[in-house]
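Report on one structure; see the data block that follows.
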């Protein structure tokens, strides 16, 4: 249930972000805290600087709590992409 609701929300969120900043590649992952509370990890491959006013809008567009945005280097992206995509084969 968390996946289905979150997936719909994530798609709407990504559509808004794409409309604001343009196209990008992305990957997401749903995880659960020890207490069972769901949370999402999202990485986007976007090489330009994101305007600060859009960063504030991301939290509003997401609407389900905290949004943390940080720029990363290519090596960090590769690590995060592996993290986000791990266990995908076993989930299908």
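The values are calculated or read from the model by the stated rules, or taken from the named source; none is laboratory data. All values derive from a computational prediction rather than experimental measurement. Glycine also receives a Cβ, built like all others from the backbone with ideal geometry; neighbour counts cover every protein chain displayed.
Take residue 64 and tell me if it is modelled with pLDDT under 80, surrounded by 13 or more Cβ atoms within 10 Å (Cβ to Cβ) and either under 13 Å from the mean Cα position of the chain (by Cα) or part of a helix (DSSP H, G or I) (or both).
No: the conditions fail for residue 64.
Can you tell me which residues in region 73-92 are touching a strand residue (DSSP E or B) at 6+ places or on another chain (Cβ under 9 Å), in a loop (DSSP other than H, G, I, E, B) and either exposed (fewer than 11 other Cβ atoms within 10 Å of the Cβ) or modelled with pLDDT of 80 or more (or both)? Quick ask: steps written out before the conclusion?
Quick first cut of region 73-92, residues touching a strand residue (DSSP E or B) at 6+ places or on another chain (Cβ under 9 Å) only: 77, 80-81, 83-88.
Okay, now just the ones that are also in a loop (DSSP other than H, G, I, E, B), so 86-87.
Once the filter is applied, which keeps residues that are touching a strand residue (DSSP E or B) at 6+ places or on another chain (Cβ under 9 Å), in a loop (DSSP other than H, G, I, E, B) and either exposed (fewer than 11 other Cβ atoms within 10 Å of the Cβ) or modelled with pLDDT of 80 or more (or both), region 73-92 yields only 87.
Say whether the condition of being exposed (fewer than 14 other Cβ atoms within 10 Å of the Cβ), closer than 23 Å to residue 77 by Cα, touching a residue at least 12 places away in the same chain (Cβ under 8 Å) and touching a strand residue (DSSP E or B) at 6+ places or on another chain (Cβ under 7 Å) is met by at least one residue in region 7-29.
Yes, region 7-29 has at least one match.
If residue 50 passes every condition in (1) in contact with a helix residue (DSSP H, G or I) (Cβ under 9 Å, 6 or more places away or on another chain); (2) outside any loop (DSSP other than H, G, I, E, B) but one, which one does it miss?
Evaluating residue 50 over (1) in contact with a helix residue (DSSP H, G or I) (Cβ under 9 Å, 6 or more places away or on another chain); (2) outside any loop (DSSP other than H, G, I, E, B) leaves (2) as the failure.
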